[in-house]
1. Label ARG4 and CYS139 with points 7 Å out from Cα along Cα→Cβ: what is the distance between them in nm?
2. Mind checking which of GLN73, GLN109, GLN97 has the largest fluctuation in a GNM of the chain, springs on alpha carbons under 10 Å?
3. Residues of the chain: accessible area per residue at 1.4 Å, in Å²?
4. Given points 7 Å out from each Cα along the Cα-Cβ axis, report the SER75 to SER147 separation in nanometres with one decimal.
5. In whole percent, how big is the carbon plus sulfur part of the accessible area of the chain, probe 1.4 Å, protein atoms only?
6. Taking the Cα centre of segment 1-142 as origin and charging only Cβ (+1 Lys, Arg; -1 Asp, Glu), how large is the dipole, in debye to the nearest 20?
7. Pull up the DSSP beta bridges for segment 45-159 and report the antiparallel fraction as a percent, rounded to 5.
8. Given 0.36 nm per residue, what is the gain on full extension from ARG95 to LEU63 after removing their alpha carbon distance, in nm?
Amino acid sequence: MQIRRINASDWPAIMDIQAASYPSIEPESLTVMQNKAELGPQTSFVAEHHGKIIGYCLAHPWLLGTPPALAQQLSPCPQPDTLYLHDMALAPLARGQGLGQAFFQQLLQQGQQLQLGSISLVAIAGASSYWSTMGCEICPIDKDLSSYTTDACYMVRRL
C-alpha cells in the first residue's frame, strides 16, 4: 500500500468512496472536494493498493474553532493555526487495517512541519469515539454545524 498525493485521475475513485461512506448526507460536489485538496496539497492524499484507490484524506490549514460548512468552497486562510481535517474516508475493503491511523500519523507530521498548533475536525455519524482514540477531544464552539449530521461535534487534537 502506498500513501501519496492526489492525482487528477484519482478523483472518480475519491468520489465513489465518498458516496459509499456517507449514505446519510448528500455527497459534496467534485468542485468542493477539489477545492479542499487545492487548499492543502501537502496535507491531502490517497492510499493506493494494487493500482486501486482505497482511501483518501483531505485536510487544509484553517482557523481553530471555525469549521467550514459542508459543500462550501473556500479561499486560502491567511493566518491558519490548525490543520482542518475536512474528510477522511476508506473503501469498505480497507477498513480495520490501520489505514486511518496511517493517514492521521501523516497529518500529525504535516501539521508539525507547518507549525500549526492542532488538528481539528467535525466528527459525524458516531465517529467521535473513533477520533477520541486518536487523541482528539470534543471542543464546544459557537459555530453552527447544521450542514453536518445531527450528532456532529467539533474535535481538536493539540500538536
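The values are calculated or read from the model by the stated rules, or taken from the named source; none is laboratory data. Source: prediction; values computed, not measured. Cβ coordinates were reconstructed from backbone atoms using ideal geometry, including for glycine residues, and neighbour counts include every protein chain displayed. In case anyone asks, the SASA skips ligands and DNA or RNA and just uses the protein heavy atoms, side chains included. Shrake-Rupley method; radii C 1.70, N 1.55, O 1.52, S 1.80 Å.
1. 3.4
2. Among GLN73, GLN109, GLN97, the largest mean-square fluctuation in the Gaussian network model of the chain belongs to GLN97.
3. 50
4. Each label point is offset 7 Å from its Cα along the Cβ direction, giving 1.6 nm.
5. Of the solvent-accessible surface of the chain, carbon and sulfur hold 50 percent.
6. In debye, rounded to 20, segment 1-142 gives about 340.
7. In segment 45-159, approximately 90 percent of DSSP beta bridges are antiparallel ones.
8. Full-extension gain reported as 8.5 nm.
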